[in-house]
Amino acid sequence: AQKITQTQPGMFVQEKEAVTLDCTYDTSDPSYGLFWYKQPSSGEMIFLIYQGSYDQQNATEGRYSLNFQKARKSANLVISASQLGDSAMYFCAMREDNQGGKLIFGQGTELSVKP
Amino acid sequence: GAGVSQTPSNKVTEKGKYVELRCDPISGHTALYWYRQSLGQGPEFLIYFQGTGAADDSGLPNDRFFAVRPEGSVSTLKIQRTERGDSAMYLCASSRGSLQRARQETQYFGPGTRLLVL
């Protein structure tokens, strides 16, 4: 079974609009962390935002926020006021406490921002 | 401060050859990770070092793949008898290595090495 599922292979958004990228996860470990990374065409993975399984509030980092719904096992990324430079691949990842240090990544969503 | 660096940025080799990929982590980071990313896929975990020792090498696909980190800083991923299926982006990441807060440790990635096996 997929541990991280990103169901949107590609998304389009108009510049200055908000967009939500979906991520669902599967784990039996009560202690885990969820991460979002951005990967531009250059290839480097850029950390965006983190949400811990015990965090009571949704994480926010500038224009990025994470809509964490623990019961549904979803951790959607919301990007507000999209910019042309936001066009990239976006990956959701999970780290489970009982699985050591490794991150498990989803398949990614390619976001294209239209002018 | 400097981020994670990886060399070479691109490597083209012939099937059957041996290759080494180098990763220089962020200074002071004790944890180091290698991932492999095939085209159109998310990164897949290969191996994780805490200091000099491999804490988890469960992601290495077979015994042609080996990684070392002899002094707890720079790491080298070694691939013997390369195959065309080894062609991928190889990503290295590092983190502080705080075992008490492992769950929320952010991994910072390097620019990757694109390996092409002809």
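The values are calculated or read from the model by the stated rules, or taken from the named source; none is laboratory data. Computed from a predicted structure; not experimentally measured. We place every Cβ from the backbone using ideal geometry, glycine too, and count neighbours over all the protein chains shown.
Taking the criterion of being buried (at least 21 other Cβ atoms within 10 Å of the Cβ) and touching a residue at least 40 places away in the same chain (Cβ under 8 Å), the residues of the range A:97-115 that qualify are A:Leu103, A:Ile104, A:Phe105, A:Gly106, A:Gly108, A:Thr109, A:Leu111.
For B:Ser9, the conditions (1) modelled with pLDDT of 95 or more; (2) under 24 Å from A:Met94 (Cα atoms); (3) within 14 Å of chain A (Cβ to nearest Cβ) are fulfilled apart from (2). Name every residue in the range B:1-25 that is part of a loop (DSSP other than H, G, I, E, B) and crowded, with 18+ Cβ neighbours inside 10 Å, in order of residue number. Matches in the range B:1-25: B:Val4, B:Pro25.
Within the range B:55-88, being surrounded by fewer than 19 Cβ atoms within 10 Å (Cβ to Cβ), among the aliphatic types (A, V, I, L, M) and touching a Lys or Arg at 6+ places or on another chain (Cβ under 9 Å) holds for B:Val68, B:Val74. Of B:Glu71, B:Glu105, B:Glu83, all but one fail to be acidic (Asp, Glu) and within 10 Å of another protein chain (Cβ to nearest Cβ); the exception is B:Glu105. For the range A:74-94, a residue qualifies if it is surrounded by 14 or more Cβ atoms within 10 Å (Cβ to Cβ), over 13 Å from the mean Cα position of the chain (by Cα) and not hydroxyl-bearing (Ser, Thr, Tyr), and exactly one does: A:Asp86. Against the list (1) over 29 Å from A:Asp55 (Cα atoms); (2) within 15 Å of the chain's Cα centre (by Cα); (3) surrounded by fewer than 18 Cβ atoms within 10 Å (Cβ to Cβ); (4) not polar (S, T, N, Q), the condition B:Gly40 fails is (2).
What about B:Phe109, is it free of Cβ contacts under 8 Å to residues at least 40 places away in the same chain and within 11 Å of the chain's Cα centre (by Cα)? Taking the combined requirement at face value, the residue does not satisfy it. Cβ-Cβ distances below 6 Å connect the following pairs, each with a first residue in the range B:19-30 that is farther than 17 Å from B:Val68 by Cβ, a second residue that is aliphatic (A, V, I, L, M), and a separation of six or more residues or different chains: B:Ile26/B:Val4.
Among B:Tyr18, B:Tyr33, which is within 26 Å of A:Gly106 (Cα to Cα) and among the aromatic types (Phe, Trp, Tyr)? Write out each step before concluding.
On the way: B:Tyr18 fails: within 26 Å of A:Gly106 (Cα to Cα).
Checking each option against the conditions leaves just B:Tyr33.
Could you check the range A:27-56 and list, in sequence order, the residues that are within 17 Å of the chain's Cα centre (by Cα) and closer than 18 Å to A:Gly100 by Cβ? A:Thr27, A:Tyr32, A:Gly33, A:Leu34, A:Phe35, A:Tyr50, A:Gly52, A:Ser53, listed by residue number.
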